[in-house]
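J.: Pasting a structure here, questions to come.
The values are calculated or read from the model by the stated rules, or taken from the named source; none is laboratory data. Please read all numbers here as calculations on a predicted model, not as lab measurements. No Cβ is skipped: glycine too gets one built from the backbone with ideal geometry, and neighbour counts run over all protein chains shown. Ligands, DNA and RNA are excluded from the accessible area calculation, which covers all protein heavy atoms including side chains. Shrake-Rupley method; radii C 1.70, N 1.55, O 1.52, S 1.80 Å.
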Amino acid sequence: MSGVKKVADVAAKAGKAIDWDGMAKMLVSEEARKEFANLRRTFEDVNHQLQTKFSQEPQPIDWEYYRKGIGSKVVDMYKEAYDSIEIPKYVDTVTPQYKPKFDALLVELKEAEKTSLKESERIEKEIAEMKEMKKKISTMTADEYFAKHPELKKKFDDEMRNDYWGY
């Protein structure tokens with residue numbers, strides 16, 4: 001299997017392994033969503049090119065066919081020239097430059113995800129408390145309310161003690 005074919009196969013597997021929708025759900029800002037959509041489109045374009053243009057092995061040349069039609073001398077000269085061509089191996093100089101940056105971004109993304117999940121949990125709890133409060137508010141006494149919010153009870157008591165009635 002040629003190197004290009006291997007790259008195309010790895011790119012195809014990588015494309016299937018990426019949870020694009022899962023990652024998209026984690027994005028908060030509209031700008032991040034646009035950048036992510038651009039990244040995904042670029043990845044899919046490159047992957048498509050790898051799959052179509054570079055994944056196919058070239059057909060071997062039928063030298064005997066040309067020898068019959070053109071003659072051995074000319075075909076042998078072309079075959080010798082063809083065989084002497086050495087295609088240089090691709091040396092990846094880009095990945096080493098960007099891998100540390102990418103890894104740092106992944107760490108930053110994981111931290112942002114943790115922070116976001118913690119904030120989501122806090123907000124969910126707050127919403128649940130508000131829903132509970134909404135159900136009970138019409139029958140709740142001041143003592144029950146102040147039991148849940150002692151800081152407001154202290155503020156209220158201080159205002160009463162200091163004869164501050166809000167006006």
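J.: Test PHE43 against the stated conditions and say whether it is in contact (Cβ under 8 Å) with a residue 24 or more places away in the chain, in a helix (DSSP H, G or I), aromatic (Phe, Trp, Tyr) and surrounded by 12 or more Cβ atoms within 10 Å (Cβ to Cβ).
T.: Yes; evaluated as a whole, the condition is true for this residue.
J.: Filter region 55-74 for residues that are surrounded by 12 or more Cβ atoms within 10 Å (Cβ to Cβ) and hydroxyl-bearing (Ser, Thr, Tyr) and give the result.
T.: Across region 55-74, the qualifying residues are SER55, TYR66, SER72.
J.: Run down MET133, MET77, MET160 and say which single residue is of a type in the set (A, V, I, L, M), open to solvent by less than 100 Å² (accessible area, probe 1.4 Å) and more than 48 Å from the chain's Cα centre (by Cα). Full working, then the answer.
T.: Values: MET133 fails: more than 48 Å from the chain's Cα centre (by Cα); MET77 fails: open to solvent by less than 100 Å² (accessible area, probe 1.4 Å).
Just one listed residue meets the conditions, MET160.
J.: Hey, among the residues in region 84-121 that are of a type in the set (Asp, Glu) and at pLDDT 90 or above, which one's surrounded by the most Cβ atoms within 10 Å (Cβ to Cβ)? I'd like the intermediate steps shown before the answer.
T.: At the first step, the residues of region 84-121 found to be of a type in the set (Asp, Glu) are 86, 92, 103, 108, 111, 113, 119, 121.
Narrowing further to those that are at pLDDT 90 or above: 108, 111, 113, 119, 121.
Details: GLU108: 10, GLU111: 10, GLU113: 12, GLU119: 10, GLU121: 10.
Residue satisfying both the conditions and the ranking: GLU113.
J.: Can you pull out the residues in region 24-71 that are of a type in the set (A, V, I, L, M) and in contact with a Lys or Arg (Cβ under 9 Å, 6 or more places away or on another chain)? Don't jump to the end; show me each part of the working.
T.: Within region 24-71, the first condition is being of a type in the set (A, V, I, L, M), and the residues that meet it are 24, 26-28, 32, 37, 39, 46, 50, 61, 70.
Listed by number, the residues that qualify are ALA24, LEU27, ILE61.
J.: How many residues does region 24-37 contain that are in a helix (DSSP H, G or I) and open to solvent by less than 70 Å² (accessible area, probe 1.4 Å)?
T.: Total satisfying the criteria: 4.
J.: When residues of region 52-110 are filtered for being under 29 Å from GLY22 (Cβ atoms), of a type outside the set (A, V, I, L, M) and assigned to a loop (DSSP other than H, G, I, E, B), how many remain?
T.: The initial filter retains those residues of region 52-110 that are under 29 Å from GLY22 (Cβ atoms), namely 52, 54-55, 92, 94-110.
So of that shortlist, the ones also of a type outside the set (A, V, I, L, M) come out as 52, 54-55, 92, 95-103, 108, 110.
Adding the requirement that they be assigned to a loop (DSSP other than H, G, I, E, B) leaves 54-55, 92.
Qualifying residue count for the region: 3.
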